[in-house]
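Heads up: the structure comes next, in structure tokens.
The values are calculated or read from the model by the stated rules, or taken from the named source; none is laboratory data. Only a predicted model underlies this, so the values are computations on that prediction, with no experimental measurement involved. Note that we place each Cβ from the backbone using ideal geometry, even for glycine, and neighbour counts take in every protein chain shown.
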Amino acid sequence: MALFEPVAVITDSPLVSELQAHRPALQVVSARELLAWDDIGDYEDVPSTTEHALAYMFTSGSTGQSKCVCLSNLMAYSETEGYPELFGKLGYWVDPHKDRWRIDHEMGWWGAAYFGEVDVALAMRMGIVFMKPTDPDWGARGVTVSGALPSQLSNLWPGAKNFPSCLRVIFSWAERCDVELGAMWKAAGVRMADLLIATEYFLTFASCNLETATSDGRSAHAMRPLGRAKVYLLDESFAPIEASQGEVSGLLGVAGPQVTPGYVERLDDGSVTIGSGPLSQDMFKVIDGDWVAVPKDIMKKQGDRYISVGRGGGTVKVKGGVLMATNVAEAHCSVAGVELVCLSLSYETAAVLEQGKMPPKDTWSCQSFALGSSFISARVP
């Protein structure tokens, strides 16, 4: 660690003189002067290479597979645009002197969780409170704004009752937020947004104040893109689906400044590359000249809003973790007396297991078979 010394600090605090006493060569940049600069409308990032990268972010996240994501200046810059837009749509004006943002994740698991939470505080200039995920004493620490898993909210304050009076805004993420849960918190006077965010693509979608939409007889939060995010709906061949007057469904594709240049990978020949290794080829596609992240999420578009439908690629997300649908189906079939299982992975997707037989590899394509069969339905929590 002795090799890593600060070369510059951005601050207007008089305490910086104490740092300079130990590091005389330390460059001091005024935060006020930076904020006074004109907005850079045509900002272009420096191409990311192994010699020129802003930072690397480790993640294993919901897949459990170790990955290293390259971060760019443009990704960081997009956060300073997206979160002010989000708070503005919520009708909440952050006071840097009073508002406090809670962080409860560790660095070594989801990069999007820990570093993404830090980004919210930096973008809005809020103070940060570090807490354990199971610690309910938000009020004693003056937490006014926080991200949280829906299951976490249900465990800490069932029915959205007896929560700290200082709490003003909640961002729901990482799990599906049921409409009923969101409605309870809204009725309790808390502003709430349902977000779609990942290590590979920063803040992209939000359902501000939990707008709801109905599709196939079910209600879900309707999301809209934030900032300069460019959204694609793709077919099974990763070709863009033509826009239509009615509803259209497909795989989600995300392009724009918030998308990473790719994973950092060491190839078989020993060379290190960004964006061209096997992991990057699986996650990212070049579509109409755009670098597009394709996270295997299925979305439905209604006009200018999007509804999260479920997971593609034979997977289902259970409490923040991505599992193979076939494994979940097998577990349900181990219950005595159950011979046929349909997992309702989404509004349009089904995985079927009959008398121990494996379902089709592509669970998306077995929809008609599932819906036309007589089966026992089991919802995944």
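Being within 15 Å of the chain's Cα centre (by Cα) and among the charged types (D, E, K, R) is the filter here, so list the residues in the range 195-245 that pass it.
Result: GLU200, ARG224.
Could you tell me how many of the residues in the range 243-272 are in a strand (DSSP E or B) and touching a helix residue (DSSP H, G or I) at 6+ places or on another chain (Cβ under 8 Å)?
3
Tell me, which residue of the range 220-239 that is surrounded by 15 or more Cβ atoms within 10 Å (Cβ to Cβ) and out of contact with any Ser or Thr (no Cβ under 9 Å at 6 or more places or on another chain) is nearest to ALA76 (Cα to Cα)?
Among them, the one singled out is LYS230.
Looking only at the range 195-204, decide whether some residue is surrounded by fewer than 21 Cβ atoms within 10 Å (Cβ to Cβ), part of a strand (DSSP E or B) and touching an Asp or Glu at 6+ places or on another chain (Cβ under 9 Å).
no
Of the conditions (1) at pLDDT 90 or above; (2) exposed (fewer than 15 other Cβ atoms within 10 Å of the Cβ); (3) out of contact with any Ser or Thr (no Cβ under 8 Å at 6 or more places or on another chain), GLY139 satisfies every one except a single condition; which number is it?
Failed condition: (3).
Restricting the range 172-191 to residues that are over 24 Å from VAL129 (Cβ atoms) and assigned to a loop (DSSP other than H, G, I, E, B), which is farthest from the chain's Cα centre (by Cα)?
In this case the residue turns out to be ASP178.
Looking at the range 207-219, can you tell me whether even one residue there is assigned by TED's automatic domain parsing to the domain that holds ASP297, farther than 30 Å from GLY303 by Cα, touching a residue at least 12 places away in the same chain (Cβ under 8 Å) and surrounded by fewer than 22 Cβ atoms within 10 Å (Cβ to Cβ)?
Our first condition is that a residue be assigned by TED's automatic domain parsing to the domain that holds ASP297; within the range 207-219, this holds for 207-219.
Next cut, farther than 30 Å from GLY303 by Cα only: none.
No: the range 207-219 contains no residue that is assigned by TED's automatic domain parsing to the domain that holds ASP297, farther than 30 Å from GLY303 by Cα, touching a residue at least 12 places away in the same chain (Cβ under 8 Å) and surrounded by fewer than 22 Cβ atoms within 10 Å (Cβ to Cβ).
Kindly indicate the residue of the range 36-62 that is at pLDDT 80 or above and assigned to a loop (DSSP other than H, G, I, E, B) and also farthest from the chain's Cα centre (by Cα) among those meeting that condition.
So the residue we want is GLU51.
If you scan the range 9-21, which residues turn out to be surrounded by 10 or more Cβ atoms within 10 Å (Cβ to Cβ) and either modelled with pLDDT under 85 or among the hydrophobic types (A, V, I, L, M, F, W, C) (or both)?
VAL9, ILE10, VAL16, LEU19
I need the full set of residues from the range 209-248 which are modelled with pLDDT of 90 or more and among the basic types (Lys, Arg), in order please.
Correct list: ARG224, ARG228, LYS230.
Which count do you get for residues in the range 142-171 that are part of a helix (DSSP H, G or I) and either modelled with pLDDT of 95 or more or over 30 Å from SER78 (Cβ atoms) (or both)?
6
Which one of these is among the hydrophobic types (A, V, I, L, M, F, W, C) and under 15 Å from the mean Cα position of the chain (by Cα): VAL264, VAL294, VAL248?
Of the residues listed, the single one that is among the hydrophobic types (A, V, I, L, M, F, W, C) and under 15 Å from the mean Cα position of the chain (by Cα) is VAL294.
For the range 129-141, give me the residue count where each residue is in a helix (DSSP H, G or I) and either under 20 Å from the mean Cα position of the chain (by Cα) or not aliphatic (A, V, I, L, M) (or both).
Going through the range 129-141 one residue at a time, the tally reaches 2.
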